[in-house]
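First comes the structure, then the notes that go with it.
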Amino acid sequence: MTKDEAADRAAIDSQRTGWINAINTSDAAGFVAVLCDDAVWLPWGRSAISGKESIRDWLAAPFAQFTYDYSVTDVRLRVAGDWAIERAHFVTKARSHNGGEAPAHRGTYTILWRRTPPEAWLIERYIDHTGDEDA
């Protein structure tokens, strides 16, 4: 691994950590801070959500109703110039502010990262592959 690739991987790891922390603290602003303005989010079982502001609006209701414990494992990352592809397994546990707990949501995701000026790595596309046996 080259020095530049190691630096890119470290930068993406840092962005991923910030994104996970934003989920776990119901911080919609922190969540969208790691997204490109024209990001597309493809949640499991729902239509695509396009644009940073639309994604923030979509998060408002669940972040107001639930506290999340989100984690990722088995992260596989490939960097190629100004683009990177990440696949990982995730587990989301949600607890209602009223005390009820939803069943855990487990799956695999793919993220397309894009390096944007000034050298920040941001999420361009997110695809939740829950239920896809070949994911």
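The values are calculated or read from the model by the stated rules, or taken from the named source; none is laboratory data. All of these numbers come straight from a predicted model, not from anything done at the bench. Quick reminder, even Gly has a Cβ in these numbers, built from the backbone with ideal geometry, and neighbours come from all protein chains shown. Note: areas computed on protein heavy atoms with side chains; ligands, DNA, RNA excluded. Shrake-Rupley method; radii C 1.70, N 1.55, O 1.52, S 1.80 Å.
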Subject >> Cross-chain or 6+ apart pairs with Cβ under 6 Å, region 94-120 first and closer than 11 Å to residue 68 by Cα, then among the β-branched types (Val, Ile, Thr) and surrounded by fewer than 16 Cβ atoms within 10 Å (Cβ to Cβ) >> reply: 95/67; 104/91
Subject >> Unique residue being of a type outside the set (Asp, Glu) and under 18 Å from residue 4 (Cβ atoms) when the list is 88, 104, 80, 94 >> reply: 80
Subject >> Among residues of region 41-62, those that are out of contact with any helix residue (DSSP H, G or I) (no Cβ under 9 Å at 6 or more places or on another chain) and either at positive phi or open to solvent by less than 50 Å² (accessible area, probe 1.4 Å) (or both), counted >> reply: 3
Original post:
Do you know which residues across region 70-107 are more than 21 Å from residue 131 (Cβ to Cβ) and under 14 Å from the mean Cα position of the chain (by Cα)?
Top reply: 77, 84
Original post:
Hey, residue 37 hits all of (1) open to solvent by less than 60 Å² (accessible area, probe 1.4 Å); (2) more than 23 Å from residue 130 (Cβ to Cβ); (3) of a type outside the set (Ser, Thr, Tyr) but one; which does it fall short on?
Top reply: (1)
Original post:
What residue, of 29, 6, is assigned to a helix (DSSP H, G or I), among the aliphatic types (A, V, I, L, M), free of Cβ contacts under 8 Å to residues at least 12 places away in the same chain and open to solvent by less than 60 Å² (accessible area, probe 1.4 Å)?
Top reply: 6
